[in-house]
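Read through the structure below, which is laid out as structure tokens, and then see the notes.
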Amino acid sequence: MIPGNKDTRDGILFSLPFLIVFVLFMVYPLLFGFYISFFQWNILGTPKFLGLQNYAELFQDAKFWSSLWHTVQFVLMTTPVLLVMGFLMALLVTSKSPLKGILETCFFVPYIFSMTVVATLWAWIMQKDFGIINQVLGLLGKEGVSWLTSDKNAMWSISIATYWWTAGFNMVLFTAGIKQISKEIYESAIVDGASTFQSIIHITIPLVKPTTILCLILQIIASFNVFGQVYVMTGGGPAGSTRVLIQYIYETGFSYFRMGYSAAMSYILFVIIMAVSVMQYVFLGRRND
Amino acid sequence: MRNRKTAIYRILEVLLILIWVFPLVWMVITSLKFENEVVTRNFTFLPENPTFQNYIDAFQSTYILRWLLNSLIISLVTMAATFILDAPIAYAFAKIKFPGRNILFWAVMAGMMVPFQVLIVPLYLQFNSYGLVNTLAAAIIPRLAMPIGIFILRQFYEGIPDALEEAAFIDGAGRLRTFVRIILPLGKAAATTVIILAFINAWNDFLWPLIAINESQKYTITVGIANFQGTHGTQYSLIMAGAVIASIPELIFFLIFRRKIIDGIAMTGIKG
């Protein structure tokens, strides 16, 4: 194509800058982390080879299992609700309402705030003695709720803050999905006498299914990676009842400096997330066939 | 009948808007109150004597301005470096036929499946051995290895007709010149999406800067705000003032690029 074809040289030259960064800071740490997970590894001191001992210890570590369980709880508490909220928001945003533009901006705007700001704000709103929710409950003559200080409520409270923060993200994806459905399908449904509700059930929900799967997978992965909300709102408390897996990885590695053990836990998380990602390819791949 | 139904819908929508915006309004209202008006059982909604004292205190008693500046530097450098690194390789993947291209492409794309959390321990040890812990560079560099920008750019560059390039080659332009003069200008829309998302993700990053930086003057704004609660535990009006200050740059960024940000997410489905 080009005089004196230099495609090979050019291809390498154009790829090289990124590839160097990619190998140094993605491929290498990925392999290095796996290597570390077989050692007793502190920042100071000589690493000691343990074989599979870190992984064996993991399976008997009650804190690991409880952190993993809290993470799974958070995934279960957030994923279905966030999908439904995103979908309902998208219905409003794609409706004929004159307020749809304002609705879209309002629903989306929390997402651009950084998670630490959102978590700090909700920790204040849900504060036990002076937070606005309990103040208003007090004015109504009701007793205040221990939003963040009771082990029964804390994870739900963190989930509520998360709903407010990220539902708008799913709304954007659902809105894009709904807009792709052709108008003619709806028009012929109206001619056939279908109500708006029937159109949503029989047209929108089935046709938006690829988006639903995409949202589902992205949401599960994002929820598995939960950390910041918990760190700011409860610090994992009360009594460790909201400690999630990434927090335990973080504490093990950077408070107790047990890097090897921490790396072993990250690899378990990695395997879980990979399994979810692979499911994405299976499901989305089938759609493309 | 129909009018009444419409009116009910409108009222419900307005209510929804008010509920959704309320937490943000409450953040601002709290920040304008004196602390004794915040921590009291005599609940009032609006401040009796609105004050900016909390903002003055936030600037004077914390490093909040430094944190903002750090985050701004980190985000701007990440944004520029992401583009400089991602655009050429995306172009190579889209338009240059070199041996091993497909394998290389899939290897890089596989990097999208790696959750960053898996890398924190090895990356920390790596940066520690380079003596880079506690520097802004440590906060920036690992983000640059993420391949999502390449994915977006390559998809766009593939859509550019080969004829445009060939015409340039016939006119005697070399590969670099063609890339800079033809491909880059045509790919401006995709590039904007990539750098906006790079900026937002770098700005909102929390876990890695929390680990890589441990000196309070070098914190990013997200880490600074998270630690606010540790150091100013119960001064809620001051904490909310800090949260407002921390949000202003992002809010401005959002107001300017609202459409681009929303479309970028719709196109790629990237979650923070």
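Structure summary
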read-out	value
Folded to 0 to 90 degrees: helix B:64-95 orientation relative to chain B principal axis, Cα	20
Protection proxy ranking, peptides B:118-124, A:134-140, average beta carbon neighbours within 10 Å, highest first	B:118-124, A:134-140
Solution diffusion estimate, µm²/s, Stokes-Einstein, the protein assembly as shown, Kirkwood Rh from C-alpha pairs, 20 °C, viscosity 1.002 mPa s	83
Within chain A, helix-based [θ] at 222 nm, where runs of 4 or more DSSP H residues each add -39,500 (n - 2.57), nearest 500	-22000 deg cm²/dmol
Accessible surface, per residue, of the range A:60-288 when the full set of protein chains is kept, probe 1.4 Å, Å²	42
For the protein assembly as shown, size of Cβ-based charge dipole, Lys and Arg +1, Asp and Glu -1, in debye	640
Rg followed by Dmax, in Å, when the range B:146-271 is reduced to its Cα trace	20.7, 70
Other protein chain Cβ atoms within 10 Å, averaged over every residue that makes up A:118-130	5
Exercise: per-residue mean of other protein chain Cβ atoms within 10 Å, B:139-151	3
Simple Cβ-charge dipole of the range A:112-271, Lys/Arg +1 and Asp/Glu -1, about Cα centre, in debye nearest 20	240
Which of B:Asn36, B:Val118, B:Ala212, positive extreme of dipole for chain B (C-beta unit charges)	B:Val118
Shielding by partners, peptide A:168-174 (average Cβ within 10 angstrom, other chains)	4
Pairs of Cα atoms farther than 25 Å apart, the range A:60-288, %	52
Degrees, to the nearest 10: B:101-110 long Cα axis against longest axis of chain B	10
Sulfur and carbon atoms: percent of accessible area, the range A:60-288 [1.4 Å]	66
Value of relative contact order over chain A, rounded to a whole percent, pairs C-alpha under 8 Å and six or more apart	28
Computed [θ] at 222 nm, deg cm²/dmol, chain B (DSSP H ≥ 4; -39,500 (n - 2.57); rounded to nearest 500)	-23000 deg cm²/dmol
Three-way shape label, the range B:99-145, alpha-carbon gyration tensor, a/c 1.5	prolate
Under 28 Å from the Cα of A:Lys96 - lysines, other chains or at least 8 residues apart	A:Lys179, A:Lys183, A:Lys209, B:Lys5, B:Lys260
Order by protection proxy (mean Cβ within 10 Å, highest first), peptides B:133-140, A:23-30, A:206-213	B:133-140, A:23-30, A:206-213
Global form of chain B, assessed from the alpha-carbon gyration tensor, a/c cut-off 1.5	oblate
Per residue convex hull volume, Cα atoms of the range A:36-189, in Å³	223
For A:Phe39, residues with placed amide H under 5 Å, excluding near neighbours	A:Leu50
For A:Thr242, residues with placed amide H under 5 Å, excluding near neighbours	A:Gly237
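The values are calculated or read from the model by the stated rules, or taken from the named source; none is laboratory data. Just so you know, these numbers come straight off a predicted model, no measurement behind them. Here Cβ is always computed from backbone atoms with ideal geometry, including for glycine, and neighbour counts include all displayed protein chains. To get the accessible areas, we keep the full protein, side chains included, count just its heavy atoms, and leave off ligands, DNA and RNA. Shrake-Rupley method; radii C 1.70, N 1.55, O 1.52, S 1.80 Å.
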